[in-house]
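Student: Quick one: the structure is below, questions incoming.
The values are calculated or read from the model by the stated rules, or taken from the named source; none is laboratory data. The structure presented is a predicted model; accordingly, all values stated were derived computationally and were not measured. Quick reminder, even Gly has a Cβ in these numbers, built from the backbone with ideal geometry, and neighbours come from all protein chains shown.
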Amino acid sequence: MMRVCYIVSDDLWAGAEVMAWNLIRTLHASGKVAVQVIALNPGRLSRSLEQEGVRVFVVSEARLSFATLLVRVRGILKATAPDIVHAHRYKENILAFLAGGVFRRPRLVSTQHGMPETSPRDAGLAKRCTSKLNTLLLTYGFQRYVCVSDDLRKTMARSFGLTGGKACVVYNGVAFSGTLPPRTEGQTVTIGSAGRFYPVKDFALMIDVARVVRQMLPFVRFRLAGDGPLRAELQAQAEACGLQGCFLFSGHVSDMPTFYRSIDIYLNTSVHEGIPMSILEAMAAGVPVVAPDVGGIGEIITHGTDGYLMPTRHPEDFARCLAPLCESSQLRRQVAEQAAVTVRDRFSAAAMADRYYQLYEGLLASPEGER
């Protein structure tokens, strides 16, 4: 049985962590892969995986220097001798290369979840150096780097010069039962979204959309799950728009299935995305999605069939798209049913895990997988 070690940060619970959770637990349950995880923080991902019976090593980066952290990770890899080391994000890539390249020379794989939220041109010296080092590692140190969308693959090639046969695309996937959960229709319609309160999510646009929608359809409510440094600014904006009582800031929500059941439409307003786990989760939960046509979102949604893609960022355009969905439960159900087919056929956790398994097998079988 092949042995795969995943190196993850686990400092928060966001899209990359949700993707890793779905991948690791699905491969573990398949019985085809002996999986283990090195978590750099004691977080929700490591706790959840331990409950699934996955072997997890927590190496707390907050308490260790980078040199000590490297020694600890190297020791784990030496003792467990994985065939594949699969890293997520920059720091994990560096650790995988420095620690994993010493003993038994395991194949190195990295998943790129999205572009840096600050471009290399605008970032400080440290971030520019880290970005350059990551590019060098992916080019010369790793056997494969996986992009979660074809748009991301093209963007990385254009922005960082990452081209060639090492790049491949594997779409994210979510758990899906195969049937849509029952939904109760009420007198109000709730439009919801979720994410970290950072500029890249542009929840300020969501508030502007809410202002316009409320002028058209006073029965519509809004709910936003998440937290972050922009919370006070966003709350002040909502108050200035007169949205008190109809725009709920829910804070961090750990039970996302319940959140999706509480909303009727999911609204994404991001500036850029890879393959957003929240959109896939909403579609799997029977919630129609309206989102900007940015990043890999257009690789998920077929406009007008299983969701809606917005070519502009004007609040009025979003409002005009949302209005028919708000006014027709039949339309919402029709779009949700098509979205469920999309998730089942292309974005299930099982499909994602199978593609990664094939990738691992190919690396272990091919001489090209050697350094």
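Student: Could you list, in sequence order, the residues of region 182-228 that are more than 25 Å from the chain's Cα centre (by Cα), of a type in the set (Val, Ile, Thr) and at pLDDT 95 or above?
Tutor: Residues satisfying the conditions are Val189, Val212, Val213, Val220.
Student: Can I ask one more? Scan region 266-282 and tell me whether some residue there is among the polar types (S, T, N, Q), in contact (Cβ under 8 Å) with a residue 40 or more places away in the chain, in contact with an Asp or Glu (Cβ under 8 Å, 6 or more places away or on another chain) and closer than 20 Å to Tyr198 by Cβ.
Tutor: Yes, region 266-282 contains a residue that is among the polar types (S, T, N, Q), in contact (Cβ under 8 Å) with a residue 40 or more places away in the chain, in contact with an Asp or Glu (Cβ under 8 Å, 6 or more places away or on another chain) and closer than 20 Å to Tyr198 by Cβ.
Student: Based on this model, can you work out whether Gly141 counts as exposed (fewer than 15 other Cβ atoms within 10 Å of the Cβ) and outside the structural domain of Glu281 (by TED's automatic domain parsing)?
Tutor: Taking the combined requirement at face value, the residue does not satisfy it.
Student: Let me ask something else about it. Considering each residue of region 309-323, count those that are free of Cβ contacts under 8 Å to residues at least 24 places away in the same chain and surrounded by 14 or more Cβ atoms within 10 Å (Cβ to Cβ), and give that number.
Tutor: 5
Student: Would you confirm whether any residue within region 179-186 is among the charged types (D, E, K, R) and over 26 Å from Trp21 (Cβ atoms)? Let's see the steps before the verdict.
Tutor: Step one: list which residues in region 179-186 are among the charged types (D, E, K, R), which gives 183, 185.
Applying the additional criterion that residues be over 26 Å from Trp21 (Cβ atoms) yields 185.
The answer is yes, given that some residue of region 179-186 is among the charged types (D, E, K, R) and over 26 Å from Trp21 (Cβ atoms).
Student: Here are some conditions: (1) closer than 22 Å to Glu299 by Cβ; (2) touching a Ser or Thr at 6+ places or on another chain (Cβ under 9 Å). Leu152 meets all but one. Which one does it not meet?
Tutor: (2)
Student: Please go through region 153-171 and give me each residue that is touching an Asp or Glu at 6+ places or on another chain (Cβ under 9 Å) and either in a helix (DSSP H, G or I) or loosely packed, with under 14 Cβ neighbours inside 10 Å (or both), ordered by number.
Tutor: Within region 153-171, just Gly165 meets the criteria.
Student: Can you name the residue in region 324-371 that is surrounded by 21 or more Cβ atoms within 10 Å (Cβ to Cβ) and touching a Ser or Thr at 6+ places or on another chain (Cβ under 8 Å) and is also farthest from Val170 (Cα to Cα) among such residues?
Tutor: Val335
Student: Give me a count of the residues in region 8-54 that are of a type in the set (S, T, N, Q), farther than 14 Å from Arg89 by Cβ and either free of Cβ contacts under 8 Å to residues at least 60 places away in the same chain or touching a strand residue (DSSP E or B) at 6+ places or on another chain (Cβ under 7 Å) (or both). Before you say what the answer is, go through the steps one by one.
Tutor: Within region 8-54, the first condition is being of a type in the set (S, T, N, Q), and the residues that meet it are 9, 22, 26, 30, 36, 41, 46, 48, 51.
If we keep only those that are farther than 14 Å from Arg89 by Cβ too, we end up with 22, 26, 30, 36, 46, 48, 51.
Then drop every residue that is not either free of Cβ contacts under 8 Å to residues at least 60 places away in the same chain or touching a strand residue (DSSP E or B) at 6+ places or on another chain (Cβ under 7 Å) (or both), which leaves 22, 36, 46, 48, 51.
Here the count works out to 5.
Student: Spot the failing condition for Asp293; the list is (1) crowded, with 17+ Cβ neighbours inside 10 Å; (2) in contact with a strand residue (DSSP E or B) (Cβ under 7 Å, 6 or more places away or on another chain), and only one is missed.
Tutor: The single condition Asp293 does not satisfy is (1).
Student: Working only within region 180-198, note down all residues that are surrounded by fewer than 15 Cβ atoms within 10 Å (Cβ to Cβ) and out of contact with any helix residue (DSSP H, G or I) (no Cβ under 8 Å at 6 or more places or on another chain).
Tutor: If the condition is that a residue be surrounded by fewer than 15 Cβ atoms within 10 Å (Cβ to Cβ) and out of contact with any helix residue (DSSP H, G or I) (no Cβ under 8 Å at 6 or more places or on another chain), then Pro182, Thr184, Gly186, Gln187, Thr188 are the ones that fit.
Student: Could I ask something else about it? Give region 181-204 a look and list any residue that's in a loop (DSSP other than H, G, I, E, B) and more than 23 Å from Ala323 (Cβ to Cβ), or say none. Steps first, please.
Tutor: Step one: of region 181-204, the residues in a loop (DSSP other than H, G, I, E, B) are 181-188, 195-198, 202.
Selection gives Pro181, Pro182, Gly195, Arg196, Phe197, Tyr198.
Student: So, one more: Against the condition among the hydroxyl-bearing types (Ser, Thr, Tyr) and surrounded by fewer than 15 Cβ atoms within 10 Å (Cβ to Cβ), how does Ser177 come out, does it pass?
Tutor: Spelling it out, Ser177 is indeed among the hydroxyl-bearing types (Ser, Thr, Tyr) and surrounded by fewer than 15 Cβ atoms within 10 Å (Cβ to Cβ).
Student: Of all helices (runs of 4 or more DSSP H) completely enclosed by region 220-304, which ones contain at least 2 residues that are assigned by TED's automatic domain parsing to the domain that holds Asp317 and in contact with a Pro (Cβ under 9 Å, 6 or more places away or on another chain)?
Tutor: Result: 256-261, 277-284, 297-300.
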